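The values are calculated or read from the model by the stated rules, or taken from the named source; none is laboratory data. Keep in mind that what you see is a predicted model, and the values were worked out from it rather than measured. In this analysis, Cβ positions are derived from the backbone assuming ideal geometry, glycine residues included, and neighbour counts consider all displayed protein chains.
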């Protein structure tokens, strides 16, 4: 499997506060990379650096390189709109936008002016998100009428509508019931055939269920990463071992 | 997807034209806001400057002649007469007279009402009073002036047995109606901004609600309450229609509130319609306007500063 | 001792409550007095008809029309400008930048400028400078726009009501959750697309509130239009931008202070005041309701 995202010596500062220090890792195509670590370890910052969503924050500074398919994404002439379509993000809290389910799905196509061709994708993405059966008869009802788990699956489908190469998920199942969580996990496993998944999760067990490889972040540093089984059963670092066995977190 | 295709897609070379245009458009709007304020000052001052610089105008009037007593020893404002007389003291006294009357009525009422609303009132009453004050704020000043002239003047004259029907008391009562909403709103915001922790702490020490309000909340909010008074004062001296209609428009120099008077703004409004463009009188009126602008600008800055102090104090104390 | 404190406390509390009642009473008395005196004179003909017999009979339709036209022109000028400025302040500008600070200071001060100074500004800038300039450039010096007319009066009012629109719009923009914007950005939206597709549609209520408040203010202010275009009696309705116009507030002022026969014009005067009051109150009332709905949404966000 080839590398799709290459991170080298990447550091991030908010003002003078270092959020990430010297991160180096590779993301392989068609894998599910899990990112685990306690709160404040920089997981979300790292994820948001991949689609440059951190640019929205004031006082934000980076150093190092991130390459997506060989192109350095922190260059000034990168088209952020294209980048963010190729690396689509699903947020921790489901955020349905005001409007119908259909209108929510059409967000990406509307912004990128590809509305005409997108209609056919609706069924495909809803099925990939395991939501089609539940909403196929009420696509024009308000998205707010859905339950929390359904809304999050809708957000997943909405992101898939842009046909991204990489899915960035930031603790997508926090606060969801176990059935919705299971559906989303199943969707991710299916989806990795077509794209790459980077999954930030505060639920260590979820990483062990779903991720092919896992990276452990602590206080802004990448402590260790490798095959999931190795991380959980035979970690190299002591801190990794303590975290995955629940000694702290 | 080979590397070159990705590169072409990702790199756009320069930002899209439409985005830059739109950003320029909204930024220009913000600049226009600043420009508006600057232009107001510039174009009012522009017509006032000849009063300071032009020899022609100086034949008739200078700033100095407007301030010092005239030949007969008194101060008289009679720009439309054979020998035009311009004198500022009657206008200053008139403006202050009516403002003081208005503030004496408005400030106690508004601040007490603000205290009631933020400290004692049940929720429903709060929901009732705020819209009433907003409606009062929305009442056009010409309507208040009308009411003052038609109704209040008669009451006041009958109640106090005054000679002049239109005077500083009548106009002051009308003016207070315009000042109350401003003082109330800013004071109530200041009082509400005092953190609940202050009140809880005081109650925990055994104080009842009024002691808490009087000794803890009000002192804490004092900069904001003071700002409210400053803003009220600024509103009072700048208000035009109410004074124009209810003051009697007699530019007499008198400290007696029961006599007719003239204020700065009313003078401008009353005389600008018939003044000859470019005449000394014209320039003097613009001078009055520039003066008003500067004074209210300074008062606004002062109020702004006090509110900033309030915020700093409340946050500082919490930390 | 404790009883004394309690007594003072009760007196103080009642005093503050009394202050509230007095304020409410003041408003009620004014409304009541005007309504009572105006009632006999109100009729469809009053709203619809022209003034007759030296303003002692007939209707005030030209004043109503003039006010509406004035306010419409003002809205066309102030709403785009105010909304754009608010969008800049909230969506584009770097918070804490110098420009933002200056704009807010300017808005604050604009709101405190006396109304008559706006009148002087209208005269000195729009009429004497811009209008005269237009006359020189396009009309060969003939008097077309260098005189009081509805265009300049409307623009003067637009500057006066600018802070109202900006503040109300900003409040609406703030009520849109940040998460909505993030979702749009993450979907590849440019800054303007975020504004266009997500923020503005959600802010319509607040923009409407600001517009209504501005309209209410513009319909009520007389000092700025006294010398920039309002007239007491015109035999025609304003049709061109450089026509003068009749206006409710100005009408009230002239009728109150310069009527040759106060008793005869009193009924029409009261009725005119009533119409203006009802108009401004209705507008304010709608705006207040709209705004409380927005504030409730802001608190929930």
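Overview of results
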{"item": "Residue match in region C:8-24 (condition: more than 7 Å from chain B (Cβ to nearest Cβ), in a helix (DSSP H, G or I) and over 22 Å from residue B:126 (Cα atoms))", "result": "yes"}
{"item": "Matching entry among C:195, C:275, C:166, C:215 (being within 14 Å of chain B (Cβ to nearest Cβ), within 17 Å of the chain's Cα centre (by Cα), in a helix (DSSP H, G or I) and over 30 Å from residue C:47 (Cβ atoms))", "result": "C:166"}
{"item": "Test for residue C:96: is it more than 14 Å from chain B (Cβ to nearest Cβ) and not in a helix (DSSP H, G or I)", "result": "yes"}
{"item": "Subset of region B:47-61 [crowded, with 16+ Cβ neighbours inside 10 Å and in contact with a helix residue (DSSP H, G or I) (Cβ under 8 Å, 6 or more places away or on another chain)]", "result": "B:47, B:48, B:50, B:51, B:57, B:60, B:61"}
{"item": "Test set (1) over 30 Å from residue A:94 (Cβ atoms); (2) more than 16 Å from the chain's Cα centre (by Cα) - residue C:296 fails condition number", "result": "(1)"}
{"item": "Every pair of residues 6+ apart whose Cβ atoms lie under 6 Å, when the first sits in region B:245-274 and is away from chain C (no Cβ under 14 Å) while the second is assigned to a loop (DSSP other than H, G, I, E, B)", "result": "B:251/B:77; B:251/B:262; B:253/B:75; B:258/B:162; B:258/B:167; B:259/B:164; B:259/B:167; B:261/B:247"}
{"item": "Region B:130-168 - residue that is away from chain C (no Cβ under 11 Å) and surrounded by 24 or more Cβ atoms within 10 Å (Cβ to Cβ) and, of those, nearest to the chain's Cα centre (by Cα)", "result": "B:168"}
{"item": "Condition met for residue C:59 (over 30 Å from residue B:46 (Cα atoms) and modelled with pLDDT of 90 or more)", "result": "no"}
{"item": "Condition met for residue B:44 (buried (at least 21 other Cβ atoms within 10 Å of the Cβ), in a helix (DSSP H, G or I) and in contact (Cβ under 8 Å) with a residue 60 or more places away in the chain)", "result": "yes"}
{"item": "Index of the failed condition, residue B:239 passing every other in (1) within 22 Å of the chain's Cα centre (by Cα); (2) at the interface with another protein chain (Cβ under 10 Å from one of its Cβ atoms); (3) under 18 Å from residue B:80 (Cβ atoms)", "result": "(3)"}
{"item": "Qualifying positions in region C:238-264 - loosely packed, with under 13 Cβ neighbours inside 10 Å and more than 14 Å from every other protein chain (Cβ to nearest Cβ)", "result": "C:239, C:240, C:260, C:261"}
{"item": "Close pairs (7 angstrom Cβ cut-off, 6 or more residues apart or separate chains): over 16 Å from residue C:191 (Cα atoms) and within 14 Å of chain C (Cβ to nearest Cβ) in region A:106-125, modelled with pLDDT under 80 and part of a helix (DSSP H, G or I) anywhere", "result": "A:106/A:115; A:106/A:118; A:109/A:115; A:109/A:118"}
{"item": "Residue match in region B:99-121 (condition: assigned to a loop (DSSP other than H, G, I, E, B), touching a residue at least 60 places away in the same chain (Cβ under 8 Å) and either closer than 30 Å to residue B:220 by Cα or more than 14 Å from chain C (Cβ to nearest Cβ) (or both))", "result": "no"}
{"item": "Residue under evaluation residue C:181, criteria (1) over 29 Å from residue B:141 (Cβ atoms); (2) within 13 Å of chain B (Cβ to nearest Cβ); (3) surrounded by fewer than 21 Cβ atoms within 10 Å (Cβ to Cβ), criterion not met", "result": "(2)"}
{"item": "Test result for residue A:33, surrounded by 15 or more Cβ atoms within 10 Å (Cβ to Cβ), closer than 20 Å to residue A:169 by Cβ and free of Cβ contacts under 8 Å to residues at least 40 places away in the same chain", "result": "no"}
{"item": "Single residue of C:84, C:77 found to be part of a helix (DSSP H, G or I) and at the interface with chain B (Cβ under 8 Å from one of its Cβ atoms)", "result": "C:84"}
{"item": "Hits in region C:251-272 (condition: assigned to a helix (DSSP H, G or I), in contact with a helix residue (DSSP H, G or I) (Cβ under 9 Å, 6 or more places away or on another chain) and in contact (Cβ under 8 Å) with a residue 24 or more places away in the chain)", "result": "C:251, C:252, C:253, C:255, C:265, C:266, C:267, C:268, C:270, C:271, C:272"}
{"item": "In region C:278-288, residue nearest to the chain's Cα centre (by Cα) [restricted to those that are without any contact (Cβ under 8 Å) to a residue 24 or more places away in the chain and either within 13 Å of residue B:147 (Cα to Cα) or within 9 Å of chain B (Cβ to nearest Cβ) (or both)]", "result": "C:281"}
